[in-house]
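Colleague: Just passing along the structure, written as structure tokens.
The values are calculated or read from the model by the stated rules, or taken from the named source; none is laboratory data. For clarity, every value in this text was computed on a predicted model and none was experimentally measured. Glycine gets a Cβ as well: all are built from the backbone with ideal geometry, and neighbour counts include every protein chain shown. Ligands, DNA and RNA are excluded from the accessible area calculation, which covers all protein heavy atoms including side chains. Shrake-Rupley method; radii C 1.70, N 1.55, O 1.52, S 1.80 Å.
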Amino acid sequence: MNAFAVEKKIAGWHVLVAILALVVGTLFGPLQGLEHMGINLYPALQSVGLQSYYQGLTLHGVLNALVWTTFFITGFLTLIVAKSLNRGLAFPKLSWAAFSVMVVGLLMAAVPLLLNLASVLYTMYPPLQAPWYYYLGLTLVVVGSWMSGWSMLTTWWAWRKDNKGATTPFLAFASLITMVLWQICTLGIASEILVLILPWSLGLVGGIDAQLSRTLFWFTGHPLVYFWLLPAYISWYGMMPKQAGGKLFSEQLARLAFWLFLLLSTPIGLHHQFVDPGLSAGWKYVHAVLTFAVFFPSLLTAFNVIASLENGGRARGGKGLLMWIRNLPWNEPSFTAQTLAMIIFAFGGIGGMVNASYDVNLVVHNTAWIPGHFHLTVGSGVTLTFIGVLYWLVPHLTGKKLWGAKAAIAQAWVWFVGMIIFSNGLHRLGLLDAPRRTMLGVANDNYGAADWLFPRLQVGIGGMILFVSVLLFVVVMLKTVLNKQTETVEMPVAEPLHQETIPAWLNNWQPWLVGTVVLILVAYGPILIQLISQIQFFSPGFVVWK
Amino acid sequence: MIQVHQYEKWWIGLSIAVLAVISITVGVAGFMLGVQVPVPEALVNPNTVAQSGNFSNPGVRQLAPKKYEVYVRAEANPWKFRPDKIEIPVGSTVTFYVTSADVQHGFKLEGTNINVQVLPGQVSKMTATFNQPGTYDFVCTEYCGVGHQNMFGTLTVK
């Protein structure tokens, strides 16, 4: 019997749905890019059921930011928890149930999206109102992802019973932190949907409080980006050093970074609400400072991961201050895609500093700068990393040899170039006061300036280049799955550079969990008490997209 | 204790220093130099703002020489700021009060720090002084339906 056959099957099904979501979601990318260039194809697409730019934008956001990421992450982490602990899942049926719940939820949400009944964008801000089963579908996707996390946790508990006093291997450790973080932070969106939105969309209550809903949404909305990002970091820390021919520079600091993400990812959601009218300046500033604090583990990551890659470059014969970069395995698709993802992500991080900067943020808030930013982060740092992971993961799961290594490397470079052009255009438009998620082709006829024209062109051209990259990815994936050549590809696992003993405080959940809960209560408690004490059930639902 | 490479110690020190300096700088700008984000102003009933109170008769009001307030009501379907034409004299300090009669909107006035979320049930307040004559667009920055891209207005300073 093939080792980890069940886990591979579970991961394979998750990854399949993830890739379908990525590909279908990115089909809308060029349509949006072309609209920004002034070529609106949506009227021509009404015959196939696409009613508006905003329906396309909702599909793009939900499929790419929520579905692609969540399915990939739960599948990927399930596999690496099992392999890293070197034992099968304690309850594989729990993982299958999780997958089924997520798929049912996805279908429930997909129907109203495709029928233009739920064009509320992925933030679904009330009082925009979709049918109740749209919200229930999204809830099921989240609940399924929780169950997936429980399956990982129970497997770890079983492992711990048999390995008393042992340090949890890094890959499992980091995966568990990611799933626990997700479990804690999704309480915000779960309460928004279950307490406020569902009763309201079912017609049981007549109104909803927009300010409270937003605040609960962003309670989840920022740690959501760490739920996307941490699996990429897991690959950068725990796998890429091996792929680069080196070792992980400091495992201790890698573990510290993950604890800090657990601690600091949630109590910072107000930086998405710096311009909200109903929240006080003091609390906004507290969240701004905590947002700067969560940059710290990312800065730790930057040093540690680059030092690990340098270790690899030098082990492969690299010399000089920077010339070791040339010795890295640029002929390996998985390595190249992930390294380019890192480079783009660094710029996303720098732009993120602007967004976090409390009052400086007034210049960019709700402008095209923001989608420019998150296409560098989730749209590249995360997505291109996951694509890089797929270049070893799909061969690992299927036993097929990766087809077309050169095409896969080209895919990564085309993405890199396309994203720089595309994202630079959006950043520039934002600085020229262009609003985000707006039909800028039409808007520019109404307002704005002639100097929008060039960056609008960049968005369209960059978007088309990105689409070419996605097509290359699809060809590589299809040809790999159909490949007659087989190959045994192992999961890359990086060893630490030094045999480090992990001190007890880096191996003990209790203080970090207590700290996480306390920090959330301090940073959100007073705000939520204030908003709940003045709650208004005034706003009826609005359908304004037909 | 954990072992940290000397270079990494420098990197950690530098990271903390940079983050601390930015945190303090934006705080000083906000709380001492007056580059401030919106703060709670008032609660209203979005279902009646068009019928009663200051937002039922939106527009410019002069409070004192060179001192004005403007009430703006944001509406979807049709997508419109009411009023969408505002005129004030050069050198005026203007306080904007904006609310929504339906869904969420945004209000960003080009060339100023006025950038605020507009929510049903909340009043958004921002102030700016206009020393340069010219026309400034204010645009809706939050998705509010299929007409979102048509939602804007013009402030004329002369």
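Colleague: What do you reckon, is A:THR438 over 21 Å from the mean Cα position of the chain (by Cα) and within 14 Å of chain B (Cβ to nearest Cβ)?
Modeller: Details: over 21 Å from the mean Cα position of the chain (by Cα): yes; within 14 Å of chain B (Cβ to nearest Cβ): yes.
Criteria met by A:THR438.
Colleague: Among the listed residues B:GLY53, B:GLY30, B:GLY34, which satisfies the condition of being at pLDDT below 95, at the interface with chain A (Cβ under 8 Å from one of its Cβ atoms) and out of contact with any His (no Cβ under 6 Å at 6 or more places or on another chain)? Break it down into steps so the answer makes sense when it comes.
Modeller: Values: B:GLY53 fails: at the interface with chain A (Cβ under 8 Å from one of its Cβ atoms); B:GLY34 fails: at the interface with chain A (Cβ under 8 Å from one of its Cβ atoms).
That would be B:GLY30, the only listed residue that is at pLDDT below 95, at the interface with chain A (Cβ under 8 Å from one of its Cβ atoms) and out of contact with any His (no Cβ under 6 Å at 6 or more places or on another chain).
Colleague: Among B:VAL90, B:VAL28, which is the only one that is surrounded by fewer than 16 Cβ atoms within 10 Å (Cβ to Cβ), outside the structural domain of B:VAL146 (by TED's automatic domain parsing) and not in a strand (DSSP E or B)?
Modeller: Details: B:VAL90 fails: outside the structural domain of B:VAL146 (by TED's automatic domain parsing).
Answer to the selection: B:VAL28.
Colleague: Can you tell me which residue within the range B:129-154, out of those that are surrounded by fewer than 17 Cβ atoms within 10 Å (Cβ to Cβ) and of a type outside the set (S, T, N, Q), is farthest from the other protein chains (Cβ to nearest Cβ)?
Modeller: B:PRO133
Colleague: Does A:LEU113 satisfy being of a type in the set (A, V, I, L, M, F, W, C), assigned to a helix (DSSP H, G or I) and open to solvent by less than 40 Å² (accessible area, probe 1.4 Å)? Quick ask: steps written out before the conclusion?
Modeller: Details: of a type in the set (A, V, I, L, M, F, W, C): yes; assigned to a helix (DSSP H, G or I): yes; open to solvent by less than 40 Å² (accessible area, probe 1.4 Å): yes.
For A:LEU113, the condition - of a type in the set (A, V, I, L, M, F, W, C), assigned to a helix (DSSP H, G or I) and open to solvent by less than 40 Å² (accessible area, probe 1.4 Å) - is met.
Colleague: Select from the range A:390-443 the residues that are in a loop (DSSP other than H, G, I, E, B) and not basic (Lys, Arg) and list them in ascending order.
Modeller: Narrowing the range A:390-443 to residues in a loop (DSSP other than H, G, I, E, B): A:399, A:401-404, A:432-434, A:436-439.
If the condition is that a residue be in a loop (DSSP other than H, G, I, E, B) and not basic (Lys, Arg), then A:GLY399, A:LEU402, A:TRP403, A:GLY404, A:LEU432, A:ASP433, A:ALA434, A:THR438, A:MET439 are the ones that fit.
Colleague: Could you please let me know if A:GLY313 is farther than 24 Å from A:GLY525 by Cβ and either in contact (Cβ under 8 Å) with a residue 40 or more places away in the chain or not polar (S, T, N, Q) (or both)?
Modeller: Values: farther than 24 Å from A:GLY525 by Cβ: yes; either in contact (Cβ under 8 Å) with a residue 40 or more places away in the chain or not polar (S, T, N, Q) (or both): yes.
Considered against the rule, which asks whether it is farther than 24 Å from A:GLY525 by Cβ and either in contact (Cβ under 8 Å) with a residue 40 or more places away in the chain or not polar (S, T, N, Q) (or both), A:GLY313 comes out as yes.
Colleague: Counting just the residues of the range A:282-292 that are more than 7 Å from chain B (Cβ to nearest Cβ) and surrounded by fewer than 24 Cβ atoms within 10 Å (Cβ to Cβ), which one comes out nearest to the chain's Cα centre (by Cα)? Break it down stepwise before answering.
Modeller: So the first thing to find is which residues in the range A:282-292 are more than 7 Å from chain B (Cβ to nearest Cβ), and the list is A:282-283, A:286-287, A:290-291.
If we keep only those that are surrounded by fewer than 24 Cβ atoms within 10 Å (Cβ to Cβ) as well, we get A:282-283, A:286, A:290.
Details: A:GLY282: 29, A:TRP283: 26, A:VAL286: 25, A:LEU290: 20 Å.
Taking the candidates together, the pick is A:LEU290.
Colleague: Further question on the same structure: Please go through (1) free of Cβ contacts under 8 Å to residues at least 40 places away in the same chain; (2) among the β-branched types (Val, Ile, Thr); (3) crowded, with 22+ Cβ neighbours inside 10 Å for B:THR99 and return the number of the only condition it doesn't satisfy.
Modeller: Looking at each condition in turn, B:THR99 falls short on (1).
Colleague: Inspect all residues belonging to the range A:104-121 and state whether any of them is on the phi < 0 side of the Ramachandran plot and of a type in the set (S, T, N, Q).
Modeller: Of the range A:104-121, the ones on the phi < 0 side of the Ramachandran plot are A:104-115, A:117-120.
Remaining after also requiring of a type in the set (S, T, N, Q): A:119.
Scanning the range A:104-121 turns up at least one residue that is on the phi < 0 side of the Ramachandran plot and of a type in the set (S, T, N, Q).
Colleague: In this structure, is A:VAL475 under 29 Å from the mean Cα position of the chain (by Cα) and more than 11 Å from chain B (Cβ to nearest Cβ)?
Modeller: Numbers: under 29 Å from the mean Cα position of the chain (by Cα): yes; more than 11 Å from chain B (Cβ to nearest Cβ): yes.
Criteria met by A:VAL475.
Colleague: For A:LEU279, state whether it is within 9 Å of chain B (Cβ to nearest Cβ) and crowded, with 24+ Cβ neighbours inside 10 Å. Quick ask: steps written out before the conclusion?
Modeller: On the way: within 9 Å of chain B (Cβ to nearest Cβ): yes; crowded, with 24+ Cβ neighbours inside 10 Å: yes.
Against the criterion (within 9 Å of chain B (Cβ to nearest Cβ) and crowded, with 24+ Cβ neighbours inside 10 Å), A:LEU279 qualifies.
Colleague: Could you check the range B:103-158 for strands (runs of 3 or more DSSP E) lying wholly inside it with 2 or more residues that are over 24 Å from B:SER92 (Cβ atoms), more than 10 Å from the chain's Cα centre (by Cα) and assigned by TED's automatic domain parsing to the domain that holds B:ILE88? Reasoning before the result, please.
Modeller: On the way: elements: B:105-109, B:115-118, B:122-130, B:134-139, B:152-157.
Passing ranges: none, list empty.
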